[in-house]
Amino acid sequence: MFDRIDRLMRTLAAFLAILGGLALIAVILATVMSVSGRALLAFGLSPIRGDFELVELGTGFAVFAFLPWVQINRQHASVEILTMHMGDRINRVIDMIADLLMLSIAVLLAWKHWAGTLDKLAYGETTFIIQYPIWWAYASGLLGAFGFVLISFWCVILSARALMTGQDQAHGEFMH
């Protein structure tokens, strides 16, 4: 059962990261098309209307979509100059504390993002040029934000289990 949940969490994180990557590819293509349109005005082309608004939307979504992948793979920036000389148990305690802190940050981000989305929805604010509702951009980031909370919670479980057993339970190997 544990391994099935772990696979599900890793699949969810990968799925969100792929969606974020696709969003960035769309942003890149839109930017290239828009810049090309500006460069080729003499030939009847034009830039994409509201291109920077679309870039903001896609980039904002991608940032939140990548957070679960980074968390499940323990790829956040870390300084190991001191911890590499500490024992496995101390490192597991540090991992547990770090995962609890990351879960706290994930919950705070998701909560404030949810509140911001509801605020933008209530005010009906739209972008300046293409007039799409700003809450759409906020709502798109919620998928990644909620995924970040779920994956961060799972990482706390992984760390707790590793601390209790001395093994990385997801892969059956010793950590560090």
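Remark: spin-label model distance F153-I18 equals 2.4 nm, labels positioned 7 Å along the Cα→Cβ axis. Using a Gaussian network model of the chain in which every pair of alpha carbons under 10 angstrom is joined by a spring, one finds that among S152, S34, S78 the greatest mean-square fluctuation is at S78. Projected label points at T59 and E80, each 7 Å from Cα along the beta carbon direction, are separated by 3.1 nanometres. Largest mean-square fluctuation among A30, A42, A137, in a Gaussian network model of the chain whose springs join Cα atoms under 10 Å apart, belongs to A42. GNM remark for the chain: springs join alpha carbons under 10 Å apart, and the peak mean-square fluctuation among V27, V55, V79 falls on V79.
Per residue, the solvent-accessible area of the chain (1.4 Å probe, heavy atoms of protein chains only, all protein chains present) comes to 61 Å². Projected onto their three principal axes, the Cα atoms of the stretch 14-98 cover extents of 67, 25, 16 Å, largest first.
The alpha carbon centroids of the stretch 53-72 and the stretch 21-43 are separated by 19 Å.
Just one of (1) 160; (2) 133; (3) 121 is volume of the Cα convex hull per residue in Å³ calculated from these coordinates, so which is it? Among (1) 160; (2) 133; (3) 121, the one calculated here is (2). Amide H to amide H distances under 5 Å link T127 with Y132, I134, where only residues 5 or more positions off or on other chains count and H is placed in the peptide plane. Taking the longest Cα principal axis of the chain as reference, the axis of helix 51-72 is set at about 10 degrees. Seen against the Cα atoms of the chain and their longest principal axis, helix 88-123 is set at about 30 degrees. Couplings 3J(HN,Hα) of the stretch 11-25, computed from phi: 5, 4, 4, 5, 4, 5, 5, 5, 4, x, x, 5, 4, 5, 4 Hz, in residue order, whole Hz [Karplus 6.51 cos²θ - 1.76 cosθ + 1.60, θ = phi - 60°; x for Gly and Pro]. Here the gap between W114 and I90, fully extended at 0.36 nm per residue and compared with their Cα-Cα distance, gives a gain of 5.1 nm.
For the chain, which whole percent of the accessible surface, found with a 1.4 angstrom probe, sits on carbon and sulfur atoms? Within the chain, the accessible surface is 72 percent carbon and sulfur.
The values are calculated or read from the model by the stated rules, or taken from the named source; none is laboratory data. Please read these numbers as outputs of a predicted model, since none were measured by experiment. Cβ: placed from backbone, ideal geometry, glycine included. Neighbour counts: every protein chain shown. In case anyone asks, the SASA skips ligands and DNA or RNA and just uses the protein heavy atoms, side chains included. Shrake-Rupley method; radii C 1.70, N 1.55, O 1.52, S 1.80 Å.
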